[in-house]
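The values are calculated or read from the model by the stated rules, or taken from the named source; none is laboratory data. Computed from a prediction, not measured in an experiment: that's the story for all the values here. Ideal geometry is used to build each Cβ from the backbone, glycine not excepted, and the neighbour counts take in all protein chains shown.
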Amino acid sequence: MPTRSDNRKRSTQGTVASVRGSVVVAHFPQQLPPMRTELRAGADEDVVIEVITHLDRHRVQGIALTRTQGLARGAPVVSTGHSLHVPVGERVLGRVFNVLGEAVDRKDPVTGGEWRDIRQPLVPLTQQTTHLEIFQSGIKAIDVLAPLERGGKAGLFGGAGVGKTVLVMELIHNVAGRYEGTSVFCGIGERVREAEELYRQIQEAGVLDSTVMVFGQMNESPGARFRVGHAALTMAEYFRDDLRSDVLVLIDNIF
């Protein structure tokens with residue numbers, strides 16, 4: 001994966017044709033960047049755009065993953081030559097990331113190492129297991145009344161203040177203790193305050209070192225919230241497939 005540095009190869013250059021909220025149309029006089037390519041726009045290249053479709057021979061339409069304030073028609077656009085990637089591996093444990101794979105926990109930035117495309121190939125049906133196995137959560141009420149399937153999915157619904165976060169914390173703690181596994185928490189549309197509180201609670205519970213947190217917060221662009229789930233799943237799949245670790249993926253919320 002190309003490292004995130006100022007030396008990224010620029011394979012294609014163009015200009016912004018229109019900006020409508022988070023939807024950006026860019027004009028490229030020569031070669032069009034491929035679908036799903038990451039673009040950088042603006043004088044400081046601080047606006048990140050993902051190519052969604054080709055409108056014609058010279059125009060692409062993309063969704064902005066960062067704020068588009070200040071981005072105007074005629075602003076320069078450059079193609080990074082690669083799609084969206086996030087860091088993977090044990091080095092991401094205990095860290096907090098955004099949809100671009102950038103650390104947002106005020107610690108040292110994560111550079112180098114392996115980065116992976118947020119869209120990984122699906123596991124072939126021939127390699128998927130059909131064996132039913134119960135995942136022991138360690139919470140008796142869940143294991144008896146609503147047991148979780150290993151490799152399956154479960155939804156948790158409830159209003160504010162009913163204890164959803166308490167259950168999440170207990171699940172993360174039990175996965176780390178019982179299975180020596182990893183938990184990946186993905187916050188989609190979370191308030192900044194809620195994300196910060198959850199981080200402190202996980203830290204105080206002593207399970208931060210076995211947890212990865214990825215956020216597309218409420219104050220971020222719709223594009224960031226749209227893609228952050230893919231970023232979190234890419235990190236989780238690395239632990240599952242490459243490190244052969246038990247992984248608990250928590251997504252709050254799915255809207």
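Points to keep in mind about this one:
- Scanning the stretch 214-255 for residues that are assigned to a strand (DSSP E or B) and either over 9 Å from the mean Cα position of the chain (by Cα) or not assigned by TED's automatic domain parsing to the domain that holds residue 133 (or both) yields 247, 248, 249, 250, 251, 252.
- If you check 220, 197 for being of a type outside the set (Gly, Ala, Ser), farther than 23 Å from residue 247 by Cβ and modelled with pLDDT of 90 or more, only one passes: 220.
- Scan of the stretch 204-232 for residues that are in contact with a strand residue (DSSP E or B) (Cβ under 9 Å, 6 or more places away or on another chain) and over 16 Å from residue 249 (Cα atoms), ordered by number: 217, 221, 222, 223, 224, 225, 226
- Condition check for residue 127 on (1) in contact with a helix residue (DSSP H, G or I) (Cβ under 8 Å, 6 or more places away or on another chain); (2) without any contact (Cβ under 8 Å) to a residue 40 or more places away in the chain: one failure, at (1).
- Residue 167 being in a helix (DSSP H, G or I), more than 22 Å from residue 99 (Cα to Cα) and touching a residue at least 60 places away in the same chain (Cβ under 8 Å): no
- Condition check for residue 130: assigned by TED's automatic domain parsing to the domain that holds residue 234, more than 25 Å from the chain's Cα centre (by Cα), of a type outside the set (A, V, I, L, M, F, W, C) and in a helix (DSSP H, G or I): no
- Residue match in the stretch 77-99 (condition: hydrophobic (A, V, I, L, M, F, W, C), closer than 30 Å to residue 33 by Cα and more than 19 Å from the chain's Cα centre (by Cα)): yes
- Evaluated against (1) free of Cβ contacts under 8 Å to residues at least 40 places away in the same chain; (2) crowded, with 18+ Cβ neighbours inside 10 Å, residue 191 falls short on exactly one condition, (2).
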